[in-house]
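J.: Here it is, the structure in full.
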């Protein structure tokens with residue numbers, strides 16, 4: 001069985017009843033979570049049917065913004081207090097993520113505890129073997145180091161942008177992917193939302209996400225990272241203006257069978 005479960009699809013902060021960025025990918029009995037933003041940990045534990053995250057094999061984090069990684073600290077506590085002495089969980093993430101976890105766990109011995117729970121591997125980096133997958137990563141433009149990731153197996157390819165502005169590398173990241181998870185923040189959809197900082201774009205619109213998926217030749221597009229309050233069906237319609245394939249919405253609890 002191969003499937004992706006949406007743990008959260010909001011950007012910045014979660015709407016009522018929703019959560020921020022997070023996805024659980026299952027393939028050949030291997031389970032890897034992609035990002036754990038605000039509100040995703042309870043959904044992950046429910047999907048695993050375990051208070052202590054038993055059955056989780058690896059964690060991949062795109063970048064250090066809290067809407068993508070703050071619940072990794074909750075996962076640490078579940079493992080540290082509930083499964084101390086268990087095998088370490090591989091954690092693939094930019095160095096800034098580790099620094100933020102250290103700041104959250106600053107009591108004496110915190111570094112040692114983190115090292116006993118997680119086996120940290122830096123991103124971006126050359127390809128890693130991770131269960132049945134090969135993990136490829138590429139740095140993409142954002143306000144902090146952000147890594148787009150691609151998990152490829154013999155019969156499956158899933159790619160995820162994290163947060164990014166437009167970049168030529170996106171087409172290669174999602175090239176012929178069975179599922180391309182692309183952020184579609186669309187801050188401008190909400191009247192009165194403060195504008196993004198001046199300078200190069202650091203987020204995508206839904207229309208740009210559709211364009212990225214089309215250039216990549218991805219088989220399906222999953223839109224995510226919606227600004228709270230956005231009209232998700234409007235975002236889907238705008239992505240379809242640029243992409244002819246199936247456009248899915250990252251609604252919490254959604255399960256997508258793969259490939």
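The values are calculated or read from the model by the stated rules, or taken from the named source; none is laboratory data. Remember, predicted model here, so these are calculated numbers, not experimental data. Cβ sites come from the backbone with ideal geometry, for glycine too, and all protein chains shown count toward neighbours.
J.: Can you list the strands (runs of 3 or more DSSP E) lying wholly within segment 128-207 that have 1 or more residues being modelled with pLDDT of 95 or more and under 15 Å from the mean Cα position of the chain (by Cα)?
T.: 133-140, 146-153, 156-160, 179-183
J.: Additional query: Can you report the number of residues in segment 216-245 which are loosely packed, with under 14 Cβ neighbours inside 10 Å and either touching a strand residue (DSSP E or B) at 6+ places or on another chain (Cβ under 9 Å) or outside any loop (DSSP other than H, G, I, E, B) (or both)?
T.: 2
J.: Next question. Of everything in segment 23-49, what is at positive phi and either touching a helix residue (DSSP H, G or I) at 6+ places or on another chain (Cβ under 8 Å) or at pLDDT below 95 (or both)? Give them in sequence order. Even if it seems obvious, please write down each step before you answer.
T.: Taking segment 23-49 and keeping what is at positive phi, we get 28-29, 35, 39, 49.
Once the filter is applied, which keeps residues that are at positive phi and either touching a helix residue (DSSP H, G or I) at 6+ places or on another chain (Cβ under 8 Å) or at pLDDT below 95 (or both), segment 23-49 yields 35, 39.
J.: Can you find a residue in segment 87-106 that is in contact with a helix residue (DSSP H, G or I) (Cβ under 8 Å, 6 or more places away or on another chain) and free of Cβ contacts under 8 Å to residues at least 24 places away in the same chain? Steps first, answer last, please.
T.: Residues of segment 87-106 that are in contact with a helix residue (DSSP H, G or I) (Cβ under 8 Å, 6 or more places away or on another chain), as a first pass: 88-89, 91, 93, 97-98, 100-102, 104-105.
Subset that is free of Cβ contacts under 8 Å to residues at least 24 places away in the same chain: 98, 102.
Within segment 87-106, one or more residues are in contact with a helix residue (DSSP H, G or I) (Cβ under 8 Å, 6 or more places away or on another chain) and free of Cβ contacts under 8 Å to residues at least 24 places away in the same chain.
J.: Sticking with this structure for a sec: Could you list, ordered by first residue, the pairs with Cβ atoms under 6 Å in which the first is in segment 207-234 and more than 19 Å from residue 258 (Cα to Cα) and the second is assigned to a helix (DSSP H, G or I), at least 6 apart or interchain?
T.: From residues that are more than 19 Å from residue 258 (Cα to Cα), the pairs are 207/238; 209/239; 210/239; 212/170; 215/171; 226/232; 227/187; 230/189.
J.: Same structure, new question: Every residue in segment 84-111 that is in a helix (DSSP H, G or I) and under 17 Å from residue 71 (Cα atoms), please.
T.: Pass one, segment 84-111, residues in a helix (DSSP H, G or I): 95-104, 110-111.
Listed by number, the residues that qualify are 95, 96, 97, 98, 99, 100, 101, 102, 103, 104, 110.
J.: Got a sec? Which of 174, 152 is touching a residue at least 12 places away in the same chain (Cβ under 8 Å), under 25 Å from residue 31 (Cβ atoms), touching a helix residue (DSSP H, G or I) at 6+ places or on another chain (Cβ under 7 Å) and surrounded by 15 or more Cβ atoms within 10 Å (Cβ to Cβ)?
T.: Just one listed residue meets the conditions, 174.
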